[in-house]
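First the structure, in the form of structure tokens, and then the observations on it.
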């Protein structure tokens, strides 16, 4: 028996030694680390975060837990890569409930909120004690009054004792009232403090997080090194904005390109290399596979088909809806690919992604192909695919363009509800300044500049704030600007100039079956300043469809329409009139610069000039209002 026990003990020791020698069967005790957020790429709605994690020295299979992952993490997107002889075997995401919030800043607020709540509770307890004292005095008064009455009837009343007892009650009641007032004021202040702390906490996180999120990384390593843990977070987005600054003499301009970033992912980004992108965070390496499209002839296929082929359903609107479906399909493809790549996520977590996968048939490209089939059928059936904006400038940049900006320096961006501004770059722009007058709309004359994007980056559409000589003059919008493209920026009203427009003559004649009407207009620019001003005068002539009205324009005698190539190519075709003039200094009133032009309209004498229904309704409404 003793020999058998010794043999079993030797065998157990040998098995344990074998496990230690090979080191492949059981991981050692896992290490825990937070790592450091090193780089972030912010997309529209999401951000790709990269954490650098130091891996301590080890041998064989080990587990490393990367702790305190953010609340808004997209669990299916976690991916780890390594170097330095460290092999990543698997990455698993897990969540654990904890008693306190996992963020230090939030824990401080929680501690302060708890402290204030304890003081409020103590305050309420003291008020309860005072209420009990007041009730006791009420009982005492109920006892003393009948006793004093009885003693008065018997002639044995002790007036001094009654006085002392009465004064005691009054003094005590006053002290209780004073203490209650003090405690009630303290309670009010404490409630205000508590409300403030709760609001401050909400501004940082939106809500408390008592769940610890971790990535469990299984490694095969022989030495110390580093690994990079990457994951997507939502509740992060950015929008472009600009400051354009002109010098006081309005000879040069600098465009400050800024990003307005909203970051509520639940983790602070401290000293990170930040990149901004308009791309979709599509973590799919392979292009989708295009399937065959089969078509056939047949009868009416339903209302939608007949509406498209009959021109009743506008092509642009239908295409816009299908484009949104394609974007959704691309996002589904990315998430599905990520889930398939992380096989350790398991079927349960795949189901937790929601109904987005209910109709997914296993081929990640099928949804894209189905939407593409519909878009191509739309092209085949639509009566007219021409855009109403086909006469737009050929250099106009699509709003769907994908651009990426890497910030030049590392930056800090805490997680909080406020939008935070970060400057992307400051760009010196080739500038041409001028004044612009549109007297048919306003008597004011504005400063404007045509800037040319001489940088190497595309500028996205966004709001712009304008400054002249360091002074804010107004705000506006810019559209997406390609590299090398010119764009217009406003710099506010020039108070030294004023523009007027009036019709000075109208003459009607009949020629055969037509009425001929000649109009004369005068535009004047007054300059109260001490220097001549270059002004672009903008007006318009009416246009008519189907040649219902023959319209002839007679240019002013003293100045001709602008010869600017871009104006002649685009604006002139729309009936816009533009003159580039120089207005002399200190000329106003009868001496103001002026130009006169004429319009000749010829149309059926039995008809009247009209406009679209909305214009007519507005015209009649305003005429009735001001002629009462």
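We did not get these values from a lab; they are worked out from the coordinates using the rules stated. Quick caveat, the model's predicted, so the values are computed rather than measured. Glycine gets a Cβ as well: all are built from the backbone with ideal geometry, and neighbour counts include every protein chain shown.
Based on other C-beta atoms within 10 Å, arrange 257, 231, 168 from fewest to most.
On the way: 257 20, 231 24, 168 12.
Placing the least packed residue first, the sequence is 168, 257, 231.
I'm checking a number: the convex hull volume of the Cα atoms of region 106-145, normalised per residue, in Å³. What is it? Numbers along the way, then the final one.
On the way: hull volume 1.0 nm³, N = 40.
Cα-based convex hull of region 106-145, divided per residue, equals 24 Å³.
Using the reciprocal of the averaged 1/r over all distinct C-alpha pairs, how large is the Kirkwood radius of region 468-514 in Å?
Working: mean 1/r = 0.0607 Å⁻¹.
Hydrodynamic radius (Kirkwood, Cα pairs) of region 468-514 is 16.5 Å.
Find how much the distance from residue 582 to residue 108 grows on full extension, using 0.36 nm per residue of separation minus their present alpha carbon separation; answer in nm with one decimal. Present the calculation step by step, with values, prior to reporting the outcome.
Details: separation 474, 0.36 × 474 = 170.64 nm, distance 6.60 nm.
Extending this stretch completely gives an extra 164.0 nm.
Could you give the length gained by full extension between residue 260 and residue 128, i.e. 0.36 nm per residue of separation minus their alpha carbon distance, to one decimal place? Numbers along the way, then the final one.
Numbers: separation 132, 0.36 × 132 = 47.52 nm, distance 5.18 nm.
The residue 260-residue 128 span can extend by a further 42.3 nm.
First measure r as the distance between the Cβ atoms of residue 570 and residue 441, then evaluate 1/(1 + (r/R0)^6) with R0 = 25 Å and state the FRET efficiency to the nearest 0.05. Display every interim value, and only then the final one.
Details: r = 19 Å, r/R0 = 0.77.
Taking R0 as 25 Å, the efficiency between residue 570 and residue 441 is 0.85.
Given a Förster radius of 45 Å and the C-beta distance between residue 317 and residue 249 as r, what FRET efficiency does 1/(1 + (r/R0)^6) yield to the nearest 0.05? It would help to have the intermediate numbers written out before the result.
On the way: r = 48 Å, r/R0 = 1.08.
Plugging the Cβ-Cβ distance into 1/(1 + (r/R0)^6) gives 0.40.
Quick one: length gained pulling residue 57 to residue 517 fully straight, 0.36 nm per residue minus the C-alpha distance? Please report the intermediate quantities before stating the final value.
On the way: separation 460, 0.36 × 460 = 165.60 nm, distance 9.41 nm.
Extending this stretch completely gives an extra 156.2 nm.
Take the alpha-carbon positions of region 532-625, form their convex hull, and give its projected area averaged over all directions (one quarter of the hull surface) in nm². Spell out each step's value before the answer.
Values: hull surface 37.3 nm².
The directionally averaged projection comes out at 9.3 nm².
Given points 7 Å out from each Cα along the Cα-Cβ axis, report the residue 495 to residue 452 separation in nanometres with one decimal.
A separation of 3.5 nm, rounded to one decimal place.
With the cut-off at 1.5 for a/c, could you classify region 410-476 from its C-alpha gyration tensor as rounded, prolate or oblate? Each step should come with its number before you reach the end.
Details: a/c = 2.71, a/b = 1.75, b/c = 1.55.
It is prolate, given that a/c is not under 1.5 and a/b is the larger ratio.
In region 473-608, how does Rg compare with the Kirkwood Rh, expressed as the Rg/Rh ratio over alpha carbon atoms?
On the way: Rg = 18.4 Å, Rh = 17.6 Å.
Result for region 473-608 is an Rg/Rh of 1.05.
Could I have the simple spin-label model distance between residue 614 and residue 508, label points 7 Å from Cα toward Cβ, reported in nm to one decimal?
Going from the residue 614 label point to the residue 508 one covers 2.9 nm.
Using a Förster distance of 22 Å, how high is the FRET efficiency between residue 379 and residue 280, based on the Cβ-Cβ distance and rounded to 0.05? If you can, show how the numbers build up before the last one.
Numbers: r = 24 Å, r/R0 = 1.08.
With R0 = 22 Å, the Cβ-Cβ based efficiency is 0.40.
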